[in-house]
């Protein structure tokens, strides 16, 4: 597994500039704002909350369709998973953690802040990997970043947020179960996982930041676990 290790010596200004460049490649009229997430200590560089909702110019729309800047939002399921990790730091403390489909890196950053031994963030989108690197620097944590997992990758805990909205992604769970003893899934668009090995452990109200005006039906994030977090978890 080829990874890019994030040095802690780089400044927050470097990270902010990297996020801005990545955003402007798709949305040149946008800007990055630093936000501390609600009920969570993670800070992220996100697209400005007052980004106009008017129709985009054709060239910008084409760029968005080709390379959507989804990493510039903190999706509700990622926020909920980060909140849960911070409420139960023993789930990740001292463990090897994978943040799969990392997007902005929010869940992996929360795990690193809570004492994970090391964290790997995996995303097949190059800009999402850049965002994870930059956001990790903003939070002063070290995370390895990769585009795909090696066949022999091994972790104690795998975190998965907002990936199962597309049911064709369900087979990813089998892959994660082979490389992690525990798989923790958070998603607002599924009511259950069609696998008896998973049990629901929590429901959290969390909305995407900036607010996308999502339907109320998507404000509740459900968390499921495969394996054991530990004997003391709720």
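How much length would be gained if the chain were fully extended between residue 220 and residue 70, taking 0.36 nm per residue of separation minus their Cα-Cα distance, in nm to one decimal? Walk me through the intermediate numbers first.
Values: separation 150, 0.36 × 150 = 54.00 nm, distance 1.98 nm.
So the extension gain works out to 52.0 nm.
Computed from Cα atoms, the angle from the helix 12-24 axis to the main principal axis of the chain rounds to 70 degrees. Taking the centroid of alpha carbons for each part, the stretch 83-126 and the stretch 138-196 are 11 Å apart.
Normalised by the number of residues in the stretch 4-226, the mean separation of alpha-carbon contacts (under 8 Å, six or more apart) gives a relative contact order of 21 percent. Labels on offer are (i) 29, 20, 17; (ii) 23, 20, 19; (iii) 27, 20, 17, and the one holding semi-axes √(5λ) of the Cα gyration tensor in Å computed from this structure is (iii).
Spin-label model, residue 189 to residue 174: label points 7 Å out along the Cα-to-beta-carbon direction sit 2.2 nm apart. Cβ crowding within 10 Å, taken as a proxy for footprinting-reagent exposure, orders 117, 26, 36 from fewest neighbours to most as 36, 117, 26.
Relative protection proxy for 155-165, 104-114, from highest mean packing down: 104-114, 155-165 (other beta-carbon atoms within 10 angstrom).
Can you tell me the order of 61-72, 130-141, 175-186 when each peptide is scored by its average per-residue count of other Cβ atoms within 10 angstrom, highest first? Write down the numbers at each step before the final one.
Working: 61-72: 15.8, 130-141: 23.8, 175-186: 21.2.
Averaged packing, sorted descending, gives the order 130-141, 175-186, 61-72.
Label reach from residue 17 (point 7 Å along Cα→C-beta): in the stretch 116-157, no amide nitrogen lies under 14 Å.
Take the Cβ atoms of residue 25 and residue 228, set R0 to 41 Å, and the FRET efficiency comes out at 0.45.
Could you tell me whether the stretch 65-191 comes out rounded, prolate or oblate from its Cα gyration tensor? Rule is a ≥ b ≥ c as square roots of the eigenvalues, rounded for a/c under 1.5, then prolate if a/b exceeds b/c, otherwise oblate.
Values: a/c = 1.26, a/b = 1.08, b/c = 1.17.
Rounded shape, in that the Cα axes give a/c under 1.5.
DSSP finds beta bridges in the stretch 149-229, and of those with both partners inside it, around 65 percent are antiparallel. Once the C-beta distance of residue 203 and residue 59 is scaled by a Förster radius of 45 Å, the resulting FRET efficiency is 0.60 to the nearest 0.05.
So how tilted is helix 76-87 from the main axis of the chain? Cα-based, degrees 0 to 90, rounded to 10. Between helix and principal axis, roughly 50 degrees.
Helix 126-138 and the longest principal axis of the Cα set of the chain meet at an angle near 80°.
Compared with the alpha-carbon gap, the fully stretched path from residue 181 to residue 166 is longer by 3.0 nm at 0.36 nm per residue.
Bear in mind these aren't lab numbers, they're just calculated from the coordinates by the rules spelled out. The model shown is predicted, which means the values in this text are computed figures rather than measured ones. Methodologically, a virtual Cβ is constructed for each residue, glycine included, from the backbone with ideal geometry; neighbour enumeration extends over all protein chains shown.
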